[in-house]
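The values are calculated or read from the model by the stated rules, or taken from the named source; none is laboratory data. Bear in mind the structure is a predicted one, so any value in this text is a computation, not a measurement. When we count neighbours, we look across all protein chains shown, and the Cβ atoms used for this are built from the backbone with ideal geometry, even at glycine. Side chains included, ligands, DNA and RNA excluded: accessible areas come from the protein's heavy atoms. Shrake-Rupley method; radii C 1.70, N 1.55, O 1.52, S 1.80 Å.
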Amino acid sequence: MAAAVAAVALLLAAVPRCGSFNLDQDRPAVFSGPEGSYFGFSVDFFKPPNNQRYGRVIDHIRSDVLIGAPRANTSSPSSVVERGAVYSCPWGSSSACQQLQFDNTGDRTNTDGAQMEFKSKQWFGASVRSDGEHILACAPLYQWSTFGVSEREPVGTCYLKKGSTVVEYSPCRSPEASSPEGQGFCQAGFSADFLKKNNRVVVGGPGSFYWQGQLISDDVSEIFARVDKNYFNLYVNTLATQSASAQYDDSYLGYSVTVGDFNGDGKEDYVTGVPRGEKALGYVNIFNGQNMASMINFTGTQMAAYFGHSVAATDVNKDGFVDLLVGAPLFMDRGSDGKLREVGQVSVYLGSNGFAFQPPKMLTGSEVYARYGSAIAALGDLDRDGYNDVAISAPYGGPDHQGLVYIHNGRPRGPDPTPSQILQGKWASSYMPASFGYSITGNTDIDTDQIERISRARPVISVNATLDMTPQIINPEEKTCTLPGTSTLVSCFKVKYCLQAGGHGAPSSLNFRVDLMLDRLKQKETTKRVLFLHSRTFQYSKNMTVSNGKGPACEEQHIFLRNDQDFRDKITPISVVMEYSLDYQLAADQTGLLPILDMYRPRPTSPSSHPKQIYIGDDNALTLNISAENQGEGAYEADLYVYLPHQADYIEVGRGQNLSKLSCAYKKENQTKMVVCDLGNPMKGGAKVLAELRFSVHQLSEEDTSVKFDLQIVSSNQFNNTSPRVSTITQLAVLAKVSIRGRSSPSQVLLPITKWKPKEHLMVGDDIGPQILHVYELLNSGPSTFSKATLEVEWPYQYKNGSLLYITSYETEGPISCTPDMEINPLNISNPLSGSKNTSGVPPPGGRETEGRTRNHVRKRDLESRLTQSDLQTLDCSTADCLRLKCQVSRLERTKNAVLFIYARLAVDTFLRPENQNRSYVVRSKASFSVIEMPYKNLMTDLPSNSTSLSLSVLWVTDEPQPVPGWVVALAVLAGLLLLALLIFIMYKLGFFKRVRPPQEDCTEKEQLQPEENGNTDT
């Protein structure tokens, strides 16, 4: 008999409760208040110090839940209507909620009897915060009437409570007549928080200074020390933001507020949302905790998304730096159909050193009109994995729009995009939407077990289970064990299983039920090949007690191999499966709170090989390498079934020297796609088939994270005719190769320009100078799509108080829209040439390269030689004044582009100034882009960014003496000779050469004289 090879398969199955993680949503604490009071508009926790709860001694410390009801009618005898109230609801007690007393007086009057304040419908309790010792409750719609002024002004007011002492804190109430221009519409207390390290309070007043908004912070001890029964209190240590220019009106600074020590100086800094600032894009500003100086701000990417509606600060990635989360509940995102949907978004800015932050990571909602990001709460470390967790609400989400709260666990790269738990609202109101999650808070120990909770956090128990088998290979001929009660020797092996568990807040002893099952793939008991030695059964159950946080609890069991005549399968590996479950009832605490197993602890897996990553959006060709082997007897009508995911299509069978020749056919049954390959009839024992099947994976959606192929061999044999299914999973990845390129047309201008003169009244572009066109193209080479990017162009427009590159217009192509930070073309210069843009993107190389009067008279080679001998001065944003063109690029798919055309005029008059003449310049613009969002919510990727610059050379060219060509010299000589001949001819005709000769002497005398002349002295 052939030796059987045994393999151990380890399965750890922890049964979750209701598909959630460790917040107890089965038994939430539910508090109710007066109908119509907006009970629950604001919430926070408060732990009475020194075991005191409002004058009553309590046996143990538990946190109370502070709940604001801003429209509650109180029982005070005054005529105030809907004063508002704050309730304290004891946690873990059957006692009813108790209204806290802050102020029960009526409206005060001045000495003349005129009413000075109006507390009716003041929305007291709209903001409630506590630092554990003090309670701050505010009424942002409280109205005040200045002495001698009949108009009411919603300055807002707050009350600070410590024990039984209550003082009023109204930082915007002034003895002087206020107005919208000042703090008259301040609405102090619209948002509020405590600075625990600094012992201060901070309130937001979004209505100050024509709704620019304001932050005001004061020392807690000074507020108590300077209490005055009059209307006004002045504080020495006040820190506050001041009024700004009119462009910041209607911004709502102070709409939301939180604190955190971002620079590590030991003092908490201020964070506030400004949801209507920066032209309704919204932004969040961080102010230094020491002096209220603005340090950094983050601007939203979409108009009217209400970026800054909510803010929270906590360290979510455990790097020691405080991170910032900003909600934009009206954010609109494009779905897979390309249409915009209002889903809400939260931006996560991971802190680094000082006030520096990484580019934001986005958490985007999935339900339309759910207002995801309306509230954000830092929860602390819920699951005790070392990372702080956060809660994000969508108050109108869920199947009945009653509200949802998403729990995102902290991770090294930021909050996990996939929530570990979703809390669903179950309570509806008869007079307003349910709005579950409209106000949330956390990071407070409400029980004595020191677990941070929202609702109630169940203790998380981490379990480590191991299963070992000795020996790994079974030899049926080696029989070393004896069946109990007999003398029969059998082959056997030993299985050792261990459990180790621990969890903060869990009891000291944890009880588990452990189940072992042998040869699980064999469904019938008669076909089981191994049994437990002592019980001769294939199942074993055991209750194990594990000490919390201590060493593992282990046990051993012996298993024997049955007689080989009792079974036929000697090839398939023998599996031993271990399952465990926690006895939750025995692990519950004294309040009945049940713990939960850590569902996100990494499980041990067997090693396996996977195909390479494939990218969403690519024309992916995937090849499956298949090895099929028959280790038993002949298999008749053996077929290989490959079950395809819906994203894949079958192409062909691979051919190769070492590959088997297969005949495969594509089938589809009940929407299940499969490829069936004939392995032989019969497939002989010991036969091995190597094959490659090729598929195309192209129908990937934005929600996919992987593709899975299942493989199985089926034969017509009577026994063991089906192999176990084998799965191969290929992970999906996101890759967007985004690049930016540009071109300047022309690339250089030569000065001075012939016949160009400056004009006093500029009408057309030529009055300024030659046209300059800069083109920037953002190209997505794919394969994946990006859904949002920013493009910013830095443009030098002014140099030494003179115009430099005057933009007349700009145009775009593709999904891009731009907004300049200053007015374009204020002189209203017409630009008739701007319509001749190159619609293919970046202009071709054959465009204009040189502009100016001397472009036809200066050789390029000579010009280059001059450039190397002269100094070029660079004019960019470091040496000239720049304007910025900020662009938003929306969804850009593979091979698509977005193009920006900037038409400008070079201001020649600036270069003709005496101090700028006879010098050459390089005028440079710069464009940078950053991809800020991908549409794939379940896949993480690095977002690309880059920049490029375009240069325009402005060259001053002076005239130099040129060498005379040879043909000119030759022509001049010839012309001179012709002119000389003509003069001679004219002189000849005029008789110039007919001279009067003197009279001739006789020949005798001449003859006598000749000998002497020849030197002959003979006579």
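Quick notes on this one:
- Selection count, the range 645-659, where residues are open to solvent by less than 20 Å² (accessible area, probe 1.4 Å) and either closer than 20 Å to Thr705 by Cβ or of a type in the set (A, V, I, L, M, F, W, C) (or both): 4
- Taking the criterion of being in a loop (DSSP other than H, G, I, E, B), within 30 Å of Ala635 (Cβ to Cβ) and open to solvent by 60 Å² or more (accessible area, probe 1.4 Å), the residues of the range 702-747 that qualify are Ser716, Gln718, Phe719, Asn720, Pro724, Arg725.
- Flag if Lys528 is among the charged types (D, E, K, R), open to solvent by 50 Å² or more (accessible area, probe 1.4 Å) and without any contact (Cβ under 8 Å) to a residue 40 or more places away in the chain: no
- Subset of the range 339-384 [open to solvent by 10 Å² or more (accessible area, probe 1.4 Å), in contact (Cβ under 8 Å) with a residue 12 or more places away in the chain and touching a Lys or Arg at 6+ places or on another chain (Cβ under 7 Å)]: Thr364, Val368
- Restricting the range 682-699 to residues that are in contact (Cβ under 8 Å) with a residue 60 or more places away in the chain and open to solvent by 30 Å² or more (accessible area, probe 1.4 Å) leaves a set whose member that is nearest to Val734 (Cα to Cα) is His698.
- Residue tally, condition surrounded by fewer than 16 Cβ atoms within 10 Å (Cβ to Cβ) and either under 19 Å from Gln565 (Cβ atoms) or touching a residue at least 24 places away in the same chain (Cβ under 8 Å) (or both), over the range 534-546: 7
- Qualifying residues in the range 260-282 (those that are in contact with a Lys or Arg (Cβ under 9 Å, 6 or more places away or on another chain) and closer than 15 Å to Gly354 by Cα) - the one surrounded by the most Cβ atoms within 10 Å (Cβ to Cβ): Glu268
- Close pairs (8 angstrom Cβ cut-off, 6 or more residues apart or separate chains): farther than 14 Å from Leu711 by Cβ in the range 663-681, assigned to a loop (DSSP other than H, G, I, E, B) and acidic (Asp, Glu) anywhere: Asn681/Glu637
- Members of the range 657-675 that are under 44 Å from the mean Cα position of the chain (by Cα) and part of a strand (DSSP E or B): Tyr666, Lys667, Lys668, Glu669, Thr672, Lys673, Met674, Val675
- Subset of the range 50-90 (residues that are outside any strand (DSSP E or B), open to solvent by 20 Å² or more (accessible area, probe 1.4 Å), on the phi < 0 side of the Ramachandran plot and modelled with pLDDT under 85): Ile58, Asp59, His60, Ile61, Arg62, Thr74, Ser75, Ser76, Pro77, Ser78, Ser79
- Of the set (1) open to solvent by less than 80 Å² (accessible area, probe 1.4 Å); (2) under 30 Å from Gly335 (Cα atoms); (3) modelled with pLDDT of 90 or more, all apply to Asn938 but (3).
- Qualifying residues in the range 892-916 (those that are modelled with pLDDT of 85 or more, outside any loop (DSSP other than H, G, I, E, B) and among the charged types (D, E, K, R)) - the one nearest to the chain's Cα centre (by Cα): Arg905
- Yes/no for Leu750 being out of contact with any Leu (no Cβ under 8 Å at 6 or more places or on another chain) and part of a strand (DSSP E or B): no
- Members of the range 941-973 found to be under 20 Å from Pro815 (Cα atoms), open to solvent by 60 Å² or more (accessible area, probe 1.4 Å) and either among the polar types (S, T, N, Q) or touching a Ser or Thr at 6+ places or on another chain (Cβ under 6 Å) (or both), listed by number: Ser945, Asn946
This table checks each residue for (1) of a type in the set (S, T, N, Q); (2) surrounded by fewer than 13 Cβ atoms within 10 Å (Cβ to Cβ); (3) free of Cβ contacts under 8 Å to residues at least 60 places away in the same chain.
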site: Lys479; (1), (2), (3): no, no, yes
site: Pro484; (1), (2), (3): no, yes, yes
site: Ser491; (1), (2), (3): yes, no, no
site: Tyr497; (1), (2), (3): no, no, no
site: Gly502; (1), (2), (3): no, no, yes
site: Asn511; (1), (2), (3): yes, no, no
site: Phe532; (1), (2), (3): no, no, yes
site: Pro552; (1), (2), (3): no, no, no
site: Ala587; (1), (2), (3): no, no, no
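- Residues that are on the phi < 0 side of the Ramachandran plot and open to solvent by 40 Å² or more (accessible area, probe 1.4 Å), drawn from the range 754-773: Thr754, Trp756, Lys757, Pro758, Lys759, Glu760, His761, Leu762, Met763, Val764, Asp766
- Filter result for Ala313 (open to solvent by 40 Å² or more (accessible area, probe 1.4 Å) and within 20 Å of the chain's Cα centre (by Cα)): no
Every residue, every condition in (1) within 16 Å of Phe194 (Cα to Cα); (2) touching a Cys at 6+ places or on another chain (Cβ under 8 Å); (3) free of Cβ contacts under 8 Å to residues at least 12 places away in the same chain; (4) outside any loop (DSSP other than H, G, I, E, B), yes or no:
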site	(1), (2), (3), (4)
Ser243	no, no, no, no
Gln247	no, no, yes, yes
Ser251	no, no, no, no
Val257	yes, no, no, yes
Asn263	no, no, no, no
Lys267	yes, no, no, no
Gly273	no, no, no, yes
Lys279	no, no, no, yes
Asn285	no, no, no, yes
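- Residue among Asn199, Asn230, Asn285 that alone is among the polar types (S, T, N, Q), farther than 23 Å from Asp44 by Cβ and open to solvent by 20 Å² or more (accessible area, probe 1.4 Å): Asn230
- Which numbered condition Tyr903 fails, given (1) free of Cβ contacts under 8 Å to residues at least 24 places away in the same chain; (2) in contact with a His (Cβ under 9 Å, 6 or more places away or on another chain): (1)
- Residue within the range 334-348 that is within 18 Å of the chain's Cα centre (by Cα), of a type in the set (Gly, Ala, Ser) and at pLDDT 90 or above present: yes
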